[in-house]
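Read-outs: derived from the displayed coordinates by stated rules, not from any lab. What you see is a predicted model, and the numbers here were worked out from it, not measured in a lab. Neighbour counts run over all protein chains shown; Cβ positions are idealised from the backbone, glycine included.
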2 protein chains.
Amino acid sequence: RYFHFWKLPGRVMGIRLLRFTSVVIIVLLLVAGALTALLPSVKDDKMPNLRREPKPQSQPAPDSFTLIMQTYNRTDLLLKLLNHYQAIPHLHKVIVVWNNVGEKIPEEMWNSLGPHPVPVVFKVQTVNRMRNRLQNFPELETKAVLMMDDDTLVSAHDLAFAFSVWQQFPEHIVGFIPRKHISTPSGVYSYGSFELQNPGFGNGDQYSMVLIGAAFFHSGYLEDFQRQPEAVYTLIDETQNCDDIAMNFLVAKHTGKPSGVFVKPVDIRNLEKDTNSGYSGMWHRAEHLLQRSYCVNKLVNIYDGMPLKYSNIMISQFGFPHYANHKNKM
Amino acid sequence: RYFHFWKLPGRVMGIRLLRFTSVVIIVLLLVAGALTALLPSVKDDKMPNLRREPKPQSQPAPDSFTLIMQTYNRTDLLLKLLNHYQAIPHLHKVIVVWNNVGEKIPEEMWNSLGPHPVPVVFKVQTVNRMRNRLQNFPELETKAVLMMDDDTLVSAHDLAFAFSVWQQFPEHIVGFIPRKHISTPSGVYSYGSFELQNPGFGNGDQYSMVLIGAAFFHSGYLEDFQRQPEAVYTLIDETQNCDDIAMNFLVAKHTGKPSGVFVKPVDIRNLEKDTNSGYSGMWHRAEHLLQRSYCVNKLVNIYDGMPLKYSNIMISQFGFPHYANHKNKM
């Protein structure tokens, strides 16, 4: 017997037809979808919306960092530096800690001069405190923090290199300004730099702190900082100083190793004299260094011991600026 | 009833007397012993016995290293360098790998010029092989090895510092001579130094090897070296070269990181021209560098991949020779 196409039972015919039609439709949809995906996306040629909220970042690139810059009474320097720092490679976001209490943030001006390479957040402070910059900012999304003083200019090359060094030493403060403490026979500590006597561990000098005014460190330490003894905050607030020394104590206690790794900067400058505000930094106060020695001793008291450790490792970038920096007479 | 002394049974009397006598004797012995211990020891004022075996070292100080120096046809340089290196701080022992087959070791002369700060062992070799220095010598007791070519003079300051750096990077080859490989579009590798194109990871140069002719590394790697594919030994033997490249491959494979850490030497010199033997090192052979590129490619073949990784970290000693090495314009 042979089957005549139109003699098949209606249901079988219908199912076969239905199947055939469904398959055709699905194939057509797939083709259409593929074509749509391949179409060039429509570019927006209009002027960018300057008031637009920055796109929420899903997961920031693992090798990126957040710049935290505290500012007081030097908005001209701040804006000058922001032009430079906003373009540093691997920068994810900038957090400006606005210590100019009562003064409006320059957001309108900032936006009018956009677009900007990265989002910049102005965090208005209610009190002008040194330790405002050590808050655990919710906007902070990266593991790495770059902290800069608002009068310090470090070249992009130096920052890119120091960031790569931090990635190899993530539990340390990796930065450009080394300092040390020394012990005296009386047991009282002194704070200083190269002018102080070498601690006496072999030849050359040692450092036991790296200042956070130009350094990379792990954002986890900002979290840790919120959990310190109250006396630490009191000390920083009463001196309006020493937040960086306190951070070095914190890191040294945490790691049991030297808190910092010193990267020798090729080009670092202090722009203080360039400000129109007439305001010069805290470190010009007569008692500044004495205060810092005072802080070292207070912190030893608070933490019941001296956790800072010495290091004499100085890191430079191989073959930069010039290969001659590693040539030898061999 | 009363007991008359002389009427007590003989045994009881005897035991009491015996006890009393024993106690007296023991006390006298203890006193004598104590006095003997307190007596000043007799100093030996005679001329030291020059032929005396060096005291067997029980457990070498954990922060000490063994110098391994292979020598061929440059005994004058060897002895000159031994006078310098035998006095390096933290040195435990020297192992001289004597590649002068058939020639007597200068032991008599060495002993006649004693005493020496550390033991020096001359290991007589039966064949003049480059890789003789990479044996797992039984005399090697320290975790750290310092390997030096027999024509290379590095200052004690540099060595003391580099040793302290090795202690912070014990799984790396920490030394003074950086080299690199580069990849070419054809997939063939080339070996070289600063004269080769930068590998192109950001600015500045990179290195992917630290030569073992002037470097510290973990003695465990000598053990590992005995367990390499036979083809590695064949390669080194047929070229009489590349043992150091092979070690870098080994270390990089083991750590998954750059094999070396480069410490910039303050004072490193090649004494080659000072030898009376007229013998100049292997690296003067016309094919030397080409051979090393050849070795890199062969080793990639043997190990089925390129394990070497780049680094641009250059380490110097903070504040040495002069504090000016870390001052900046800030």
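Miscellaneous remarks
- Look at the dipole of chain B built from charges on Cβ: of B:306, B:173, B:236, the Cα furthest out on the positive end belongs to B:173.
- Estimated dipole of chain A in Debye, rounded to 20 [Cβ of Lys and Arg +1, of Asp and Glu -1, Cα centre]: 1900 debye
- Overall, the protein assembly as shown carries a charge dipole of about 2120 debye about its Cα centre when +1 sits on the Cβ of Lys and Arg and -1 on the Cβ of Asp and Glu, all other atoms neutral.
- Of the peptides A:66-74, B:193-201, A:216-224, A:135-143, the ranking by mean beta-carbon count within 10 Å, highest at the top, reads A:66-74, A:216-224, A:135-143, B:193-201.
- Where both bridge residues fall in the range A:65-315, DSSP classifies roughly 45% of the beta bridges as antiparallel.
- For residue B:227, the distances from its label point to the matching points in the remaining copies are 4.1 nm, ordered from shortest, with each point set 7 Å beyond Cα toward Cβ.
- Note: relative contact order over chain A, using C-alpha pairs below 8 Å and six or more positions apart, is 18 percent.
- Most simply put, the protein assembly as shown has about 45% antiparallel DSSP beta bridges, counting only bridges with both residues inside it.
- Environment charge of residue B:219, counting only residues whose C-beta is closer than 13 Å and scoring Lys/Arg +1, Asp/Glu -1: -2
- Per-residue HN-Hα couplings for the range B:181-190 [Karplus 6.51, -1.76, 1.60; θ = phi - 60°; Hz; x = Gly/Pro]: 10, 10, 9, 10, x, 6, x, 7, 8, 10
- Charge tally around residue A:125: other residues with Cβ under 12 Å, Lys/Arg +1 each, Asp/Glu -1 each, net +3.
- Sorted peptide list for B:17-24, B:185-192, A:84-91, criterion being average Cβ within 10 angstrom, highest first: A:84-91, B:185-192, B:17-24
- With a 10 Å cut-off around each Cβ of A:197-209, the average count of Cβ atoms from other chains is 4.
- At 7 Å out from Cα toward Cβ: residue B:196 inter-copy label distances (nm, ascending): 4.4
- Per-residue mean of foreign Cβ neighbours for B:165-174 is 1 (Cβ atoms of other chains, 10 Å radius).
- Qualifying chymotrypsin sites (Phe, Trp or Tyr not before Pro) for the range A:251-330 [loop in DSSP, other Cβ within 10 Å: at most 10]: none
- Ascending list, in nanometres, of distances separating the residue B:83 label from those of the other copies (7 Å, Cα toward Cβ): 6.4
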